[in-house]
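First up is the structure itself, then whatever we jot down about it.
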Amino acid sequence: MAAVAIGFVAFAFWPALFGGGSLLSADIVATAPPFDSYQPDGFSLENGPGDPINIHSHWAALADDVRSGDVGWWNPDLAGGQPTMKGGLPIFDLPYLVTPAWFAPGVVAAIRALVAIGLSAGFLRAVGLSRIAALAGGLAFGFSGFMVGWMNWPHSSVAALAPGLLWALERAIRDPRPWRAIPIGVVAALMVWSNFPSVLIYVVLGAAVYAAVRAVTEWRTRADTEMIAGQVVVAALAVGIAGLLAAPHLIGFSEYVDWADTSWRIGNPDDSSAGIAYLLSAVAPAIWGSDAVGPAWFGAGNWVEFNAYVGASVVVLAVVGLVAALRGPDRRRRSVAVALVAIAGLGVLIAYVGGPLGVALGDLTGPRGGLMTRAKVLWSLGIALGAGFGVERLVADAGSNERTTLRREVVISAAILGVAATVLVPSLWQWFDIARRDGVLRETVAASTAPILAFAATVGLVVARVRGRISGPAIGWSLVTVIGFELLSFTMPVPTIVDRAERLQATPAHDEVRALLGPGERLAGEGRTFFPSTTQLFDIADARGQLLKAPGYQALLGAVDPAMLTRAGGGTATYPNIARGTDPTSPVWDVLGVGAWAQFPDSIPYGTRDEPALAPDDADPAVQPLVGRTAVPEGGLRAVLVRVVPLVGGFIDVAVTTDDGTTVERRWVEPADLGVMGFAVLGEHLRVGSSVTVEITAPNATLLVAIDEQGDVPVGTVAGDDELELVRVGDVILFDRPVEPVRLVDAAIVQPDPVLAAAEISRRAADDVAVVDRALGLPTESESTSRLEVISIEDTTDRVTVQVDTDRDALLVVSRAFYPGWTATVDGERADVVVAEGAFLGVPIGPGLHEVELRFRPRHLRLSLISLLGGLTLVVVLAAHARRDTDVRSSRPPAG
C-alpha cells in the first residue's frame, strides 16, 4: 500500500521532483514582461504569483542563513525587519535545509501530500478498514482541492497533519493509557508550529467533535469508570504536551499579532462564507473556472478560497460508505461515521452556508481569522475519509444476502445524492447563466470531462458489484484507479513548473542595487520593478515586502500615498504597491532607510520636467525617421520627452545622441499610451547646453509622433536638479538615493499617534528633528551649531553597534523596526529604547563620545526554552512508561 501511495505522489509531482521545475511558481526567474525578447538582457521586472514566491523566499533565505551561519533572531530583509521565527517552523519545510532552493518546493509538496495520504490511511486502518480502503481514503484527502489548492502554503501543512490527530485520538479513546497522549500532543504542537491559526482552529473543532462522538460511544459500550478516568488523564497530558511544545510559537505569535497592524482584518464582513453555489466545485473543480485548467476563475472570491473539490468519485463513495456504516451493526464503526458526517457538515455549514450559526462557529477563529471558507478543510477531511468507508463496503464479501443489503444502501445513497443535486439546481442555473454570459460554457464543460468520466466509472463499478459481476479485490483496485485518475487529472496541472533555464537568479540590476546599498539601507520603487521577497535571496533589503507591519510603518507608507495599501491602488494592507510617478524625494523614504529607488524602464524618470511643445501636426515614424533636437538642461539630462498618438500596439525605436554617443531603446507602445512618453538617458554629467538629438523610427505603422511646421519633433527633457543620482537605465531605471539609516538629532517632537507622527514626518523639510512617542527633554528645533557625528556603524542581523560623538543631549535614530525584544546599552550601561519616527528605534544619549549597542533577543526566549524542555521531558517520561507497560504486558502468560 505504501509503495502505491508513493507511486501516486511521484507521478503527481514528477516534473517538480525529476524534471527540474518546482511547484506553484516557487522559483520565478527575474524576467521581462510579455515582450521580454525585445528587451535588453537582465531586465529586472519580476513576474509571478506573489504569495507562493513570498513563502518560498522566506524559507529559502532562512535555510541559506542557517547553512552560512548568519542566522539570527531578527530578519532585517523586509520592511523594517521582523522576528526570524514569525513564520513558525512547519516540519514540512525542513527539506529547505538539505536541498537546493529550486528543488525544495517540489520535495516539500510531495512529502506533505504523502504524509496526508499516510496519516489518513493510518486512521482508517485504526478504525478497522482494509488496506485498499485505507489507501483510497488517503488518496482522496492527499489530493483533495484543499490540499492541492494550498499546496505550498501553511494551510496545507496544518491540514496534512489533521488525520494524524484523529488517528491519535481514536487510539487514545479506545485504549486510554497515559502514553497515548504523546502522539496527540506532538501532532497538535506540529500543527501550531505550522503557523496558520484559522485552519488549526477548524481542525481542532473537528477533532473535538470526533472525540466527543467517539468517547460517548465507548462509554455507552463499556460503561467503565476506569476507562473514563484514563481518557481524562490522557486528555490532560495531551494538552500539557501540546501546550509546552507549542508555547514558544504561541507566545511569539501573540506578541507579533499585538505588534502588527491587523485592523484591516477586523473590518472583514461578518459572513465570509462562499455560498452554496460553490459546492458545485466539489465534483467539478473548474466549473467556476480555476487557476490551472479550464477558463480563468469567473466566480466571486478566488479559486483557492472558494473551491470545494473532493472529486465526483469520492463524493459517491463517501455517501455509499457512510450510509452503509450508519446502517451497519458495528457500533464503533457507526459512531466513526457519525463523527465524519458531523465533521464534513461543519465544514459545509461554516465555509459554504454561513448564516448565524455558521458565523458563530467561524468567529471561533477570532476577529483576525480571515475568510470562513478555510473551514472547508473539514469538508475535505470528512468526505475523503468517508470514501474509504465506501470502498470498504464494496470490497467486503458479497453473498446474495449481502448484495440485497448493499442494493438498499446504494438506493438510499442515490436518493441522498439526488436530494443534494436538487438543492443545488438553482445554483446550477445561476452558474449556467453566468458561464453563458461570459462565453466560457463550452470550455468549462470540456474541463469537467475527467470528473464526468470518473462519476460514470464509479457508478458503473457500484452497479456491477451490486449485481455480483465483479469481485471485491477487483473493485477495490478499480476504485483506487478511478480516484487516482480523477484527482491526478486535477492535481498535475496545478503546479506551475519552471524550466531549468528560468530558475530564480540575480540580474546585473540586482548586482548594482546591492552595490548601491550601504549598511541599514533599503530598496524601494515602483510596483514590482524588483519583487521584495526575491530580492532578499540576493542580500538586498527592501522597504516593502508582503507581510504584516507595525501601525506606524503602515502610517508612513500611507502618508506618501494612501492608495498603495488598497486594492484600488494595486496593493493590499500587507503588500504596498508604489504607483508610477511617486515622489522618491519624500522625507518618508529617508525614515524608511531607502538608499536605492527603482522605476519601470518605460516610466518617466523623476526630475524637473520641461514638457515638449504642443505641435500642430503628426507623422508616422514607420514611413521615415523623425528627428528632434534639444539641449542638456541645468542639472543634467535624465530623459527626453516626445508626444505620441498610438494607432495600435507595437514597437518604437528611439535613438538619443549626446556628447557620449548614441543609445537606442526599443519600446512597446500600448494603444492607450496617448500623450507624453519619456526615454531615460544617463546624462546628468553632460555639459549644460550641449546638443541632444532624438531620432524615432518604427518597424510598422503603430503610432504617430507630434511634429511642428518644419517637420521636426518637439523634444522635452527631464533634468536632474535634485539630490538623486540616476545610475542605470534600460532594463530598469535606478537612482542612488542619499540617506542616513542611522543618524543623530538634537531635537524631537512628541507625537505618540502613528498617523499624526507620519503626517508630521511627511511634511518636514529637513531630517534634523525626530518624532518620538514620549518626552525626552530635547528641544523641538535643532541648533545649527550642534556637533552630531556618527563615527562608525556595525550592522548585523541581531545587533547594531554605533559609535557617536555629540556635544549635547541627543537621540540616536536607527532604521530598524521597534519591536519588543530590542534592548540598548550606552557604553555598556542599559539605556532606554523609544519609538522614533513612528516605527523605528531611538536611543537617548548624553554629550560625549559613546558606543551604543542595540541588540535583539526574543523577550520570551528563556521561558520558551524551559517550556520546550518541559514538553520533551514529559514526552520522554511517558515514552519510558509506555516501554515498561509494553514489557509488562509481553511478560504476562497467555490467558487460559
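For the reader, a short list of remarks on this structure follows.
- With a requirement of 1 or more residues that are closer than 19 Å to THR797 by Cα, the helices (runs of 4 or more DSSP H) lying completely within the range 503-571 that satisfy it span 508-516, 532-535.
- Answer residue from the range 871-896, given it is under 14 Å from ILE182 (Cβ atoms) and small (Gly, Ala, Ser) and is modelled with the highest pLDDT among those: GLY871
- If you go through the range 174-199 and keep only what is open to solvent by 30 Å² or more (accessible area, probe 1.4 Å), under 17 Å from VAL127 (Cβ atoms) and part of a helix (DSSP H, G or I), you end up with ARG174, PRO183.
- Selection status of VAL771, touching a Gly at 6+ places or on another chain (Cβ under 8 Å), open to solvent by 80 Å² or more (accessible area, probe 1.4 Å) and either at pLDDT 90 or above or under 30 Å from ASP261 (Cα atoms) (or both): no
- Only one entry in ALA110, ALA104 is among the small types (Gly, Ala, Ser) and either farther than 22 Å from SER290 by Cβ or touching a His at 6+ places or on another chain (Cβ under 9 Å) (or both), namely ALA104.
- Residue count, the range 413-441 (criterion: closer than 28 Å to VAL463 by Cβ, assigned to a helix (DSSP H, G or I), touching a helix residue (DSSP H, G or I) at 6+ places or on another chain (Cβ under 9 Å) and hydrophobic (A, V, I, L, M, F, W, C)): 7
- Put simply, of ALA543, ALA579 the only residue that is of a type in the set (A, V, I, L, M), open to solvent by 30 Å² or more (accessible area, probe 1.4 Å) and modelled with pLDDT of 90 or more is ALA579.
- Matching option when the condition is crowded, with 22+ Cβ neighbours inside 10 Å, under 20 Å from the mean Cα position of the chain (by Cα) and either more than 30 Å from VAL71 (Cβ to Cβ) or modelled with pLDDT of 90 or more (or both), among GLY142, GLY149: GLY149
- Condition check for GLY720 on (1) out of contact with any Lys or Arg (no Cβ under 8 Å at 6 or more places or on another chain); (2) within 30 Å of THR662 (Cα to Cα); (3) at pLDDT below 95: one failure, at (1).
- One residue from ASP433, ASP438, ASP397 being exposed (fewer than 15 other Cβ atoms within 10 Å of the Cβ) and more than 36 Å from the chain's Cα centre (by Cα): ASP397
- Test: residue in the range 147-158 that is of a type outside the set (D, E, K, R), closer than 26 Å to ARG514 by Cβ and in contact with a Leu (Cβ under 7 Å, 6 or more places away or on another chain): no
- Just one of the listed residues (ALA121, ALA208) is closer than 21 Å to LEU326 by Cα and open to solvent by 20 Å² or more (accessible area, probe 1.4 Å), namely ALA208.
- Meets criteria (under 18 Å from ARG728 (Cβ atoms), open to solvent by less than 40 Å² (accessible area, probe 1.4 Å) and in contact with a Pro (Cβ under 9 Å, 6 or more places away or on another chain)) for PRO601: yes
- Members of the range 815-837 that are assigned to a loop (DSSP other than H, G, I, E, B) and within 27 Å of the chain's Cα centre (by Cα): PHE818, TYR819, PRO820, GLY821
- Some residue of the range 82-93 being assigned to a loop (DSSP other than H, G, I, E, B) and open to solvent by 20 Å² or more (accessible area, probe 1.4 Å): yes
- Flag for ALA631 being surrounded by 14 or more Cβ atoms within 10 Å (Cβ to Cβ) and within 30 Å of ALA836 (Cα to Cα): no
- Unique match (being touching a helix residue (DSSP H, G or I) at 6+ places or on another chain (Cβ under 8 Å) and open to solvent by 20 Å² or more (accessible area, probe 1.4 Å)) among VAL323, VAL316, VAL336, VAL304: VAL304
- On the stretch given as the range 349-384, residues that are over 17 Å from GLY145 (Cα atoms) and among the charged types (D, E, K, R) total 2.
- Of all residues in the range 253-276, those being open to solvent by 20 Å² or more (accessible area, probe 1.4 Å) and either in contact with a Cys (Cβ under 9 Å, 6 or more places away or on another chain) or in a helix (DSSP H, G or I) (or both) number 11.
The values are calculated or read from the model by the stated rules, or taken from the named source; none is laboratory data. Just so it is clear, the model here is predicted, and its values are computed rather than measured. Reconstructed Cβ throughout: ideal geometry from the backbone, glycine too, with neighbour counts over all protein chains shown. Side chains are part of the model used for accessible areas, which takes the heavy atoms of the whole protein and leaves out ligands, DNA and RNA. Shrake-Rupley method; radii C 1.70, N 1.55, O 1.52, S 1.80 Å.
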